[in-house]
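This report refers to the structure that appears directly beneath it.
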Amino acid sequence: MQSYIYNFYLKRYPNNRLVYLDDILTELSKNLGEFKSENDIARSVSFIKYYDEIFGEWSYTKPDIPAGKERMVFRIAAIHLSELGMLYRKDSNPYTPDYMISYKGLELLSTGGLHRQFYRERVKHIFQITVWFIAILTFLVSTIFQVLNYYTPISSSQIEASQQIEPTAAQLEIK
């Protein structure tokens, strides 16, 4: 059910949500082989830190995440990633589970992440449509030209040209 909710968000804002998933995987890749607490990951992924010389360090939520719903969005995203096999989840404490990136998640992250994969699939789809369009158009044009050439009468110049070739071929065979 929660994965369905996240897929709905993916359809509405695919690029921003995929970048958020990539941010989760990037944060988990900093501690390879160790489980990291949800508190640490959600805080670093869901908020943008800002440092001002006068007011000091403060943070605010990312624009795509509703205020006060940061933990819920993170949990749904983490469950979605664990269903895809990108990370492992340890429920020793059900209120704050621990997460660790899997090999599949590292492999995907090294190729550019989910956002880059989505972009590559869209480009691939566009190229496939273009290739099919060109193939069908080529077939239609060649068929039309064949039909037009089939019904055109042979001109006298074409007959004369074919008759001139035959004697030269016979002369070559004799010598």
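Details
- In terms of other Cβ atoms within 10 Å, ASP22, ASP40 run from fewest to most in the order ASP40, ASP22.
- Positive-end ranking of LEU109, TYR99, VAL141 along the dipole of the range 92-141, with charges on Cβ about the Cα centre, is headed by VAL141.
- Ellipsoid equivalent to the range 19-73 - semi-axes via the Cα gyration tensor, in Å: 22, 15, 10
- Net length gained if the chain between LEU84 and GLN117 were fully extended (0.36 nm per residue, minus Cα distance): 10.5 nm
- Simple spin-label estimate for THR130 and ALA67 gives 4.5 nm between the two label positions (7 Å along the Cα-to-Cβ direction from each Cα).
- Subtracting the Cα-Cα distance of ILE54 and THR138 from 0.36 nm times their residue separation leaves 23.5 nm of extension gain.
- For the range 95-150, the average shadow cast by the Cα convex hull is 6.4 nm², which is a quarter of the hull's surface.
- Checked against a 25 Å cut-off, the cross-linked pairs LYS36/LYS124; LYS30/LYS62; LYS69/LYS104; LYS90/LYS124; LYS30/LYS104 give Cα-Cα distances beyond that limit for LYS36/LYS124; LYS69/LYS104; LYS90/LYS124.
- Residues LYS49, LYS62 arranged by fewest to most Cβ contacts within 10 Å: LYS49, LYS62
Where a number appears in this text, it was derived from the coordinates with a stated rule and is not lab data. Note that this is a predicted model, so its numbers are computed, not measured. Here Cβ is always computed from backbone atoms with ideal geometry, including for glycine, and neighbour counts include all displayed protein chains.
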